[in-house]
1. Within region 93-117, which residues are within 14 Å of Leu132 (Cα to Cα), among the polar types (S, T, N, Q) and over 19 Å from the mean Cα position of the chain (by Cα)?
2. Looking at Leu90, Leu78, can you tell me which residue is under 17 Å from the mean Cα position of the chain (by Cα) and modelled with pLDDT of 80 or more?
3. On the basis of being in a loop (DSSP other than H, G, I, E, B), modelled with pLDDT under 75 and aromatic (Phe, Trp, Tyr), does Phe69 make the cut?
Amino acid sequence: MLSKSAFGLYYSDSLYVNLKELRYFGDLFVRAWKMKDGRILFARPDIAPSGSIFIGYNGMNVPLSTKAFKSKSKMKNLVCYILAKTDGTLTLERMTEENVLDLLKDNDSILERYRTFEQSRRDDADVVTEVLLAAGVIE
């Protein structure tokens, strides 16, 4: 039986995190990757199909986009979020192209690979996780 109180678990070499503390995401486990700096990157459907609004919760502002369910590919339907827990407080940031460019700034070959993707796909979880895994930013 899976404990609802667990924050994260490894299953078959994959990390899953429980998003129950983020109430607008629901009480569920989602696929995640550990970042080299200790934060957690997770993939899930975007929280609403809008391009210009923000949702606030416990001091966190989360930008929303139109990425939800535009493709039949499982990871293309998802976007990535960065989750950090510092001094008992959760912070959440939606992964954007600007975040990815910053994480890849010291890896020219992977940065060039990332730039070959269409602009409209650069926030998709399949693209983000592919380049960050290749760069060693996530594991």
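The values are calculated or read from the model by the stated rules, or taken from the named source; none is laboratory data. Here the structure is a predicted model, which is why all the values come from computation and not from measurement.
1. Asn107, Ser109 - these are the residues of region 93-117 that are within 14 Å of Leu132 (Cα to Cα), among the polar types (S, T, N, Q) and over 19 Å from the mean Cα position of the chain (by Cα).
2. Just one listed residue meets the conditions, Leu78.
3. So Phe69 fits the description; yes.
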